[in-house]
Amino acid sequence: MTGASAGIGKATAKRFAENNDKVLLIARQEERLARTVREIESSVPGADVQPLALDMSDAASVKRLRDHVRSTGLPVSGLLCCAGAVPRSGDTDADADDVTSVLTEWQEAYQANVTTAVVAVEGLLPDLADGGSIVLYSSIAAYRGSGGTGGYGAAKAALHSYVHTLATRLGSRGISANAIAPGYVADTDLFGGALPAARETMLVRHTALGRAGDPVDIAELGFYLCSGPGGYVTSQILQINGGSSHGV
Ligand SMILES: NC(=O)c1ccc[n+]([C@@H]2O[C@H](COP(=O)([O-])OP(=O)(O)OC[C@H]3O[C@@H](n4cnc5c(N)ncnc54)[C@H](OP(=O)(O)O)[C@@H]3O)[C@@H](O)[C@H]2O)c1
């Protein structure tokens, strides 16, 4: 599981640990990753969770990832690519001189949300078990737009096309490929700390259920997609947003 040291990824890693699955937790910052491993171990007795500090936006990480996976002697039955980030926003009223900052935003968004997924999936394809599952993490922003000049939402939308292609490429091996597209989820680090109260109130007001998502809500869906009962679901983008129609 990439992006496993915080927010949705952490809750999802814990969900698999509770099912006695062996879980590899991947993120860049080693200390936070170690803290997450300790947290899961202390709340799930017997949890089999291992940390691996890697930058998944760097193709050079593939070798360490493969070496680690192969050292376990086990095939990968579920690959969840949760690593992602909202880039620093470009100026929404950019003039010609600001185009560079807009392009930087779009490139950062692509690197953080698309490259991280492609590196993990293509890097681990040879080690993915037949009948296994791939889950990518999109966003309501792919449908409704995002802040800044829109690079984040556009990057997430690119994952949708990739999911359909993967499902076709890998269907003959019984491998499913899907994306989860959450709405606003509280208790994550995605926005670099708590959202301003007014923005959070607005996002919650736009849900039909009148509340923000919880990382546990999203974790359950990732777990389902990788479990036996979810095996016939493939090539889908599953929206989970409390009935919201508003981008993040
Ligand atoms: N929270 C929301 O409201 C929301 C809504 C829609 C979609 N999503 C999507 O859901 C996914 C999880 O979001 P979240 O809210 O749980 O985010 P988060 O709390 O910020 O966690 C992001 C995780 O990804 C890791 N990460 C980021 N870049 C990485 C890289 N290059 N290589 C490896 N690990 C990396 C982070 O650890 P390090 O920084 O240590 O690497 C962290 O573990 C993201 O793809 C996000 O876009 C979230």
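The values are calculated or read from the model by the stated rules, or taken from the named source; none is laboratory data. Given the structure is predicted, the values throughout are model-derived calculations rather than measurements. Methodologically, a virtual Cβ is constructed for each residue, glycine included, from the backbone with ideal geometry; neighbour enumeration extends over all protein chains shown. Side chains are part of the model used for accessible areas, which takes the heavy atoms of the whole protein and leaves out ligands, DNA and RNA. Shrake-Rupley method; radii C 1.70, N 1.55, O 1.52, S 1.80 Å.
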*About its Cα centre, what dipole magnitude does the chain give when the only charges are +1 on Lys and Arg Cβ and -1 on Asp and Glu Cβ, stated in debye to the nearest 20?*
620
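From largest to smallest, what semi-axes in whole angstrom does segment 158-248 give when each is the square root of 5 times an eigenvalue of its alpha carbon gyration tensor?
Over the Cα atoms of segment 158-248, the semi-axes work out to 29, 13, 11 Å.
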*Provide the FRET efficiency to the nearest 0.05 for the Thr100-Ser161 pair, computing r from the beta carbons and using R0 = 25 Å.*
0.40
*Place +1 on the Cβ of every Lys and Arg and -1 on the Cβ of every Asp and Glu in the chain, take the dipole about the Cα centre, and give the residue among Ala198, Asn19, Ser138 whose Cα lies farthest towards its positive end.*
Asn19
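Taking R0 as 45 Å, what FRET efficiency do you get between Ala198 and Ser227 from their Cβ-Cβ distance, rounded to the nearest 0.05?
That pair, Ala198 with Ser227, gives E of 0.70.
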_Full-stretch length increase - Leu209, Asp187 - with 0.36 nm per residue and alpha-carbon distance subtracted_ = 6.2 nm
*Would you mind working out the accessible area per residue for the chain, using a 1.4 Å probe, and quoting it in Å²?*
47
*Under a 5 Å amide H to amide H cut-off, with H placed in plane at 1.01 Å, what residues pair with Leu238 once short-range neighbours are removed?*
Ala179, Ile180, Ala181
*asked:* Given a 1.4 angstrom probe, I'd like the percentage of the accessible area of the chain that is carbon and sulfur, rounded to a whole number.
replied: 51
*What nm distance separates the two modelled labels at Asp67 and Glu41, each placed 7 Å from Cα along Cα→Cβ?*
2.3
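Would you please classify the overall shape of segment 98-216 from the alpha carbon gyration tensor, given that a ≥ b ≥ c denote the square roots of the eigenvalues, rounded means a/c under 1.5, and beyond that prolate means a/b larger than b/c while oblate covers the rest?
Oblate shape, in that a/c is at least 1.5 and b/c is the bigger or equal ratio.
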*Using the Kirkwood radius over Cα pairs, work out the Stokes-Einstein diffusion coefficient for segment 20-65 at 20 °C and 1.002 mPa s, in µm²/s as a whole number.*
190
*Where does the longest stretch of the chain lie that holds no trypsin sites (Lys or Arg not before Pro) found in a DSSP loop with 13 or fewer other Cβ atoms within 10 Å?*
89-210
_Debye-sum result for segment 7-240 in log10 I(q)/I(0), which assumes one identical scatterer on each alpha carbon, at q = 0.10, 0.13, 0.15, 0.18 Å⁻¹_ = -0.47, -0.80, -1.07, -1.51
*For the chain, build the charge dipole from Cβ charges (+1 Lys, Arg; -1 Asp, Glu) around the Cα centre, then report which of Pro45, Gln111, Pro182 sits farthest towards its positive end.*
Pro45
*May I ask you to list the lysines whose Cα is less than 27 Å away from that of Lys22, ignoring any residue fewer than eight positions away on the same chain?*
Lys10, Lys14, Lys63
